[in-house]
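The values are calculated or read from the model by the stated rules, or taken from the named source; none is laboratory data. Note that the structure is predicted; figures quoted are calculated from it, not measured. Neighbour counts are summed over all protein chains in view; Cβ atoms, including those assigned to glycine, are modelled from backbone coordinates with ideal geometry. Please note that ligands, DNA and RNA were not included when accessible areas were found on the heavy atoms of the full protein model with its side chains. Shrake-Rupley method; radii C 1.70, N 1.55, O 1.52, S 1.80 Å.
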Amino acid sequence: MDTDDMEKKALSAFLAAQRASVLAIVDGLDTKALTTSVLPSGWTPLGLIEHLGYAERHWFQEIATGAAAPLDWPDDHAALTTPRPPEVVFAFYDDQCRRSDAVIARTPLSAPPQGRHPGPLRDEVTDLRGIVLHMIEETARHAGHLDTVRELLDGRTGLGPR
């Protein structure tokens, strides 16, 4: 295994661990809890899972490869909430993670993005490596948000594998 493959394997393992943490934190919550906002900003755990699915889609499909197939639903609801049921949102997140993993598997870490991200990260993310690192950071950050919300919802803490 060459250095690039070893690095890709390590980065993929960290991303997978953060994704697993997110799912472990919300595991066992019923639909009511998943769709309940406990913070003034109004986001819900299920809405944050959907957001993470959109982030995977955006970074690995729209930015890394330059294209993503249209989604079957409108995105016209309050930010970080969703009108979709848990089974649809979890299937969406799983599908987007699998698609992201496929992009990582077939693309060199040094490959430049084929799409352009609007905003401040446009010039910072210059290759697939940067995209993977950004998604590790974003997923970990939101896992922390979910930890806090889970504790407020039912008092449970320390649910992620790390």
HN-Hα J couplings of the stretch 9-16 from phi, Karplus 6.51/-1.76/1.60, θ = phi - 60°, integer Hz, Gly and Pro as x?
5, 5, 4, 5, 5, 5, 5, 4
Measure off, as a whole percent, the carbon and sulfur share of the 1.4 Å-probe accessible area of the stretch 75-143, all protein chains present.
54 percent
Whole-Hz ³J(HN,Hα) from phi, Karplus 6.51 cos²θ - 1.76 cosθ + 1.60, for the stretch 142-156, glycine and proline x:
6, 4, x, 4, 5, 4, 5, 5, 4, 4, 5, 6, 9, x, 6
What are the ³J(HN,Hα) values, in whole Hz, obtained from phi via the Karplus relation 6.51 cos²θ - 1.76 cosθ + 1.60 with θ = phi - 60°, for each residue of the stretch 101-118 in sequence order, with x given for Gly and Pro?
4, 5, 5, 4, 4, 9, 10, x, 4, 7, 5, x, x, 8, x, 10, 8, x
Determine the relative contact order of the stretch 1-100: mean sequence separation of Cα pairs under 8 Å and six or more apart, normalised by residue count, in whole percent.
30 percent
Which value, in Å², gives the accessible area per residue of the chain when a 1.4 Å probe is used on the protein heavy atoms?
52 Å²
Calculate the length of the line joining the C-alpha centroid of the stretch 6-24 to that of the stretch 93-157, in whole Å.
10 Å
Taking the Cα centre as origin and putting +1 on Lys and Arg beta-carbons and -1 on Asp and Glu beta-carbons, what dipole magnitude results for the stretch 1-86, to the nearest 20 debye?
280 debye
Which parts of the stretch 75-101 would a label at Leu121 reach, counting a residue when its backbone N lies under 19 Å from a point 7 Å out along Cα-to-Cβ?
79-81, 93-101
